1. Inside segment 91-120, can you point out the residues that are surrounded by fewer than 21 Cβ atoms within 10 Å (Cβ to Cβ) and within 13 Å of the ligand (Cβ to nearest atom)?
2. Among the candidates 89, 166, single out the residue that is under 26 Å from residue 10 (Cα atoms) and free of Cβ contacts under 8 Å to residues at least 40 places away in the same chain.
3. Out of the residues in segment 76-90 that are touching a helix residue (DSSP H, G or I) at 6+ places or on another chain (Cβ under 8 Å) and assigned to a helix (DSSP H, G or I), state the one that is farthest from the ligand (Cβ to nearest atom).
4. I'd like the full set of residues that are part of a loop (DSSP other than H, G, I, E, B) and within 12 Å of the ligand (Cβ to nearest atom), limited to segment 10-37.
5. Is it the case, given these coordinates, that residue 246 is touching a strand residue (DSSP E or B) at 6+ places or on another chain (Cβ under 8 Å) and closer than 25 Å to residue 110 by Cβ?
6. Given the structure, is residue 242 surrounded by fewer than 18 Cβ atoms within 10 Å (Cβ to Cβ) and either more than 30 Å from residue 501 (Cα to Cα) or not assigned by TED's automatic domain parsing to the domain that holds residue 366 (or both)?
7. Looking at segment 48-64, I want the residues that are over 17 Å from residue 98 (Cα atoms) and have a partner that is near the ligand (Cβ under 8 Å from one of its atoms) and assigned to a loop (DSSP other than H, G, I, E, B) with Cβ atoms under 7 Å, at least 6 apart or on another chain. Which pairs are those?
8. Looking at segment 385-419 only, could you name the residues that are modelled with pLDDT of 80 or more and not in a helix (DSSP H, G or I)?
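The values are calculated or read from the model by the stated rules, or taken from the named source; none is laboratory data. Since this is a predicted model, take the numbers as computed values, not measurements. Glycine gets a Cβ as well: all are built from the backbone with ideal geometry, and neighbour counts include every protein chain shown.
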Ligand code: AMP
């Protein structure tokens, strides 16, 4: 076992991390801290979230600050306000016993005047999102001319979120003589460019293999119809009363729809997506952190930086298109050495994606079954019964009252009483939803149809003439085409998944350069465009109109 005290940190810093309950340094901390403390060098740390990166740069950063010098000495750039706030909280905790170190996080989406006011007092370390930082520098609220350390945290994510120009602008106006510490989960070409253009012979530390997924995560999937996803999800939530989960959806609209549907049924869930104001986001995160709600429906971007230790489940309501996002998503569970489950609600088109994830991330998915309502009831009743037997019963019950109740029960046997109690509890649980088996069969039997839906190479050329619909058709236009890598097969799947229509209800599909046309059986045409509302394709709103 290694110790923080061997890394060369100042006694006051050691005292604060001891108080925080950090016992021994994580791998990135062991490797990075001695370099960052002892050498005045540029640095690259390749590590995914949840590995203790913040302390790896935060502890040496605190030790490098001269509290008695009244100017900004370090800038930490982070992709999201959530991450920025978390870094600030950790740095404040690390510097609890270090005199005079003032830390502030500034980020977009919050009132800038309040931040300008807070900046009037010297902040030794500023944590910022790129856009807001540039704004504040232009307004002369922040002076970076004397900074000695620049930290780029989750640099890959900053680029993914489109902050490339902002990053270049910031890197061009910070002083030459500073050191740059760059942390990233992956080493993309754009990151390499930043390293080449702005860093000098950096020392590099790499934790685990590229894109390695946390070993404590169990990857599971169920195979169901796309239209059964919500019911399947509800059954998993019902089965496990201790579930604390983030449910990943593809669009803002999906997060809102899912959370409002489930809320109506009494589940403690809220949505978190990019359109929330800072206040709304803080409110939702507050509800989640205090266990007032135990479920969050989130988009990928909005879930960035969520660092809640006790998340038991990450649920992929829709799998991401980008494999890296799967690693990021599942990394929200199994934090700080705990275990977690990453569960995919897979419809047929996701099976190929699961295979691809297994191959490229070197992980194994276990296929599990969606529980039947009777399994759920059984498990809940057993939990209830176990809870009853272990419940503390210190509160004194008046002897007289006990006598009365005993008299009432006198004519019942123990078996009859247990029967009554259990059946009352079963009534309380009720049966939400139907009694169907939602699990789809893994079939090779129905081969032609299966192949055409499986997402395999063959289905690119899939001929759907054998299932041509009959009746009057209505034609629609969609504002994506070959330019967005649309082909007939993937468009057909997409239309079915989003609209809930079956292939049989869709007619001719024509894909052009920038748009596509498809026919839908006339009885299903009404209200169809609205089913595609709120879908974002590469930053552009998808539009479906009669065409
Ligand atoms: P990070 O990767 O910096 O986001 O850290 C993930 C979580 O692990 C945070 O909640 C940290 O507070 C916690 N953490 C970081 N380093 C340690 C450590 N050495 N011991 C225990 N917990 C840690």
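1. Hits for segment 91-120 are 92, 93.
2. 89
3. It comes out as 81.
4. The answer is 20, 21, 22, 23, 24, 25, 26.
5. In short, yes.
6. yes
7. Between residues of segment 48-64 that are over 17 Å from residue 98 (Cα atoms) and residues that are near the ligand (Cβ under 8 Å from one of its atoms) and assigned to a loop (DSSP other than H, G, I, E, B), the close pairs are 51/26; 52/26; 53/47.
8. 397, 398, 410, 411, 412, 413
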